[in-house]
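Down below is the structure, laid out as C-alpha cells.
The values are calculated or read from the model by the stated rules, or taken from the named source; none is laboratory data. No experiment lies behind these values; they were computed from the predicted model shown. All Cβ positions, glycine included, derive from the backbone under ideal geometry; neighbour counts span all protein chains shown. What goes into the accessible areas is simple: the full protein's heavy atoms, side chains included, and nothing from ligands, DNA or RNA. Shrake-Rupley method; radii C 1.70, N 1.55, O 1.52, S 1.80 Å.
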Protein chains: 2
Amino acid sequence: MCDTKQNGWEKNVRKVIPYTPGEQPGNTKVIKLNTNENPYPPAPAVEEAMKNFPADILRLYPDPSVGKLTEALAEYYGLKKENVFVGVGSDDVLATAFLTFFNSKKPVFFPDITYSFYDVWAKLYQIPYECKPLDENFSIVKEDYLQENGGIIFPNPNAPTGVLQTVEFIEEIVKANQDVVVIIDEAYIDFGGESCLPLIHKYDNLLVVQTFSKSRSLAGLRIGFAMGNEKLISYLNDVKYSINSYTMNQPSIILGVESIKEDSYFKETIKKVVATRERSKEKLKELGFSFQDSYSNFIFATHKQRPAKELFEALKKKDIYVRYFNQERISDYLRITIGTDEEMDRLFEELKSILNQ
Amino acid sequence: MCDTKQNGWEKNVRKVIPYTPGEQPGNTKVIKLNTNENPYPPAPAVEEAMKNFPADILRLYPDPSVGKLTEALAEYYGLKKENVFVGVGSDDVLATAFLTFFNSKKPVFFPDITYSFYDVWAKLYQIPYECKPLDENFSIVKEDYLQENGGIIFPNPNAPTGVLQTVEFIEEIVKANQDVVVIIDEAYIDFGGESCLPLIHKYDNLLVVQTFSKSRSLAGLRIGFAMGNEKLISYLNDVKYSINSYTMNQPSIILGVESIKEDSYFKETIKKVVATRERSKEKLKELGFSFQDSYSNFIFATHKQRPAKELFEALKKKDIYVRYFNQERISDYLRITIGTDEEMDRLFEELKSILNQ
C-alpha cells in the first residue's frame, strides 16, 4: 500500500504476517512440482458425479453436519460418524483445532522445521508456542516433547522433510501428554507411512488430521478431516458452528463421497506415485543430491555442490516449479513434488543440463 | 455427551454456545420457508458450467486470491478487484471481519433483534459487545450508535425483521464513527433495498457484505463477499491468509463467475420473488397477521390471536417449515421465507385451516 497514513480504525486491526502459499501459475505449460498436488486426476466417479450434478440443489443450504461425507469417512476408517470432523481442507480443520484446543498459557510445541502454517495460526490466535529443533537427520527429538506444554502438533511424515516417525514413537508422546491435545497432521500418510489412527481408541487427547488434497487428487475441492474421540470432535464442531454453520458446499460433499467410494482407483494412484518416488530417489542420488528417506509425495533434497536457490531459479526459467524455502537450516534444500514419470524425466533432464553448466 | 468426567485437556478447550442454523430436512416433500433460500434454481449458465466442468483441475489447488470471481464482482459493481474480498458464504466473511477489525476494548454495537450469529462471533473471539434495542417498530435508533464504541455491525434490511434503513441514515452512522469499522450486512439488499455501496468511496471505514445465498440461489455453493476501501480489504486478506489460503474451491469460483455473468436471469428471479412477497403481504394481512414492511425475501409476522409457537408447530405437522425464534421480544413472531407462488398458496391455505380450528 502506498498510503502510509494510519486511519483511526486501523489501531484495532489484528495485524498478522500471513502464510505464503506456493505459486499457482496461470501458464499451463509449467511442470508444477511446488505444492504437492497429485499428478493424476481424481477418481472417474468424481468426474461422473460432476457431469450429473443436480444443479437445482445449489439453491439450498448444504447439510451443516456434512452427514453423508462424515458417514462415508467413518465407514471407510471403521469409526462412528461422531469420531469424524470435516473442514475446508486440512488448513481449515487445523486452524479450528488451534482455536478450540490450544488455550493454555503454556506454550504449544512443534518442530522448528515443519509446516509453516503452525506459527501463523499460533500468532493469529495469540497462542504461546515453542519450536523444538529437529536433529541433524531431520528427526523429531522425542525428549523435547516430554516437557510441560499447552499442546503438541507435528506432521507425520513431517513436511517439508518427508521424514516418518513410527506409531510407537508417537504413542510415547501422546501417552506422556494426556493433559493436553496432541495433533498428528497426517496430510501425507497415505504415501507409505503407518497411520497412528488406531491410537484414538486408546487416547482421548489424540486428534489425527488427514486431507483429500494429496492422495485423493482433490486439492481443488478443499476437503480435510480430523478423527478422534467423540468429545474432541464435539468440541471442534461447537467452534465450527460458532464461525460458519455451512463450511462444506454441496459439490464438496457429493464429490467427496464419490472419491471415498472408488477405493481401487485411490490405491492404484498411490501405488503409481510411490513407484515414481522410489525411482526419483535413485535418479536424484545419481545427480549428486542427498536427502532423508521420504514417505510422502515429495523429496526434500540438497545438492553437494550447487546452492538450492540457484537450482530453483534455473528450473523456474525452464518452466519447472519446485518449492524453495528461504529459511534457516533449510535454505539449501528443494522440496520436489512427485509428478508423473514423464514430468520427473523432464526434471532430471533439465537438472542434468543445469548441473553441467 | 453422557460421559461427564472432565479430562485434563478439557480445561484448555474454548467453550462456546454455537449458532443454531435452521433445519435442513431430509424429507423433500417439505415446503421449506425457514432458511431464506431462493425458491428458483440458480442461473442456467451455472448448470451448464457444472455439466462441462473440467474435473481434472480438481487435483490442483484453486487460485488463493480467487482472482476470477473477485474480478467478476469488481466489474459488476464498478470497483477495482482490490475493493473485493470473497469468502465461504457471508458467514465466513463476517467472522473474518470480526476477527480482523473488532479488537478494541470498547464494545461493538449491534441491535438486540438481529442476525443471531453476531453475538456468537463476539463471544468466540472474546470481543466485548453491547446490544442496542430496536424501537417498537423494529427500527434502529440512530442515536444509540453515536456513542463511543469498538465497531458497529447491523444488517440492512435487518434480519429477521425485514426492516430497511435509508442510505442517508447509514451515512450518518458511518460518518460519526470514522475511528472504527462499520459493517453493513446486506445479505438481503437485492430484494428492493438501496445499497449503501457508493459510500465506500467516501468512507474508508465502511465494509459492505453481500452473499450469493439468497438473491443468486446459490446457498449450496457458499459464496459471500465484502466490498470496501482497499486497505480494509487488504487487512481482511491478511487474516484470511493466516487461517486458510484456499477457502474457495474450484467449483465455487467457476460457477460463481457464471452466476454473475447471467444478469438478466438474476434480475428476473428477484422480480418474481418481490412480486410474490408483495402478494403475500396482502394475504397475510387478510389472515390477521401484522408485520413491519419487508424489503427482504421473508416476512416477519405476528398474529393478533394465535401464539407464533403454536402456528409454527401446526405448520410443521403439515410439512411446512417456517422459522421461529424462542427469544425475548420476538417470541410471538414467525419468519416466513418467500417461496414460489404455489408454495405460498399452500401456506395460506394451511394457515387458514389452522386459524379456523
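Listed values, structure above:
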item: Amide proton proximity set for B:Ile338, modelled H, under 5 Å, gap of 5+; result: B:Phe298, B:Ile299
item: Carbon and sulfur %, accessible surface of the protein assembly as shown computed with the full protein complex present, 1.4 Å; result: 49 percent
item: FRET efficiency for A:Asp341 and A:Asp56, using Cβ-Cβ distance with R0 set to 51 Å, rounded to 0.05; result: 0.75
item: Furthest towards positive pole of dipole, A:Leu197, A:Ser215, A:Ile170, structure part region A:162-221, Cβ charges; result: A:Ser215
item: Accessible-area value, B:Arg329, 1.4 Å probe, nucleic acids and ligands omitted, Å²; result: 100 Å²
item: Restricting region A:1-95 to chymotrypsin sites (Phe, Trp or Tyr not before Pro) in coil, as DSSP defines it, with at most 14 other Cβ within 10 Å; result: none
item: Chain B, closest residue to the rotation axis toward A, by beta-carbon, whole angstrom; result: B:Pro251, 2
item: Using θ = phi - 60° and Karplus 6.51 cos²θ - 1.76 cosθ + 1.60, couplings along region A:60-76 (whole Hz; Gly, Pro as x); result: 9, 4, x, 5, x, 8, 6, x, 5, 6, 4, 5, 4, 5, 4, 4, 4
item: Whichever aspartates and glutamates have a C-alpha closer than 14 Å to that of B:Lys261, once near sequence neighbours (fewer than 8 apart) are set aside; result: B:Glu47, B:Glu48, B:Glu71, B:Glu75
item: Under 16 Å from the Cα of B:Lys285 - lysines, other chains or at least 8 residues apart; result: B:Lys304, B:Lys352
item: Exceeding the 20 Å Cα-Cα cut-off - candidates A:Lys80/A:Lys214; A:Lys15/B:Lys240; A:Lys5/B:Lys231; A:Lys32/A:Lys316; result: A:Lys80/A:Lys214
item: Cα gyration tensor shape for chain A, rounded if a/c is under 1.5, else prolate or oblate; result: rounded
item: Other protein chain Cβ atoms within 10 Å, averaged over every residue that makes up A:116-128; result: 2
item: Rounded to the nearest 20 debye, dipole of region B:24-72 from Cβ charges on Lys, Arg, Asp, Glu; result: 240 debye
item: Inter-label distance, nm, simple model (7 Å from Cα along the C-beta direction), B:Glu349/B:Lys271; result: 2.8 nm
item: Percent of beta bridges antiparallel (DSSP, the protein assembly as shown, rounded to nearest 5); result: 50 percent
item: Helix-only mean residue ellipticity at 222 nm for the protein assembly as shown, each DSSP H run of n ≥ 4 adding -39500 (n - 2.57), per residue, nearest 500; result: -10500 deg cm²/dmol
item: Whichever lysines have a C-alpha closer than 23 Å to that of B:Lys132, once near sequence neighbours (fewer than 8 apart) are set aside; result: B:Lys105, B:Lys106, B:Lys123, B:Lys142, B:Lys175
item: Hull volume in cubic angstrom per residue (convex hull over the Cα atoms of region A:1-133); result: 260 Å³
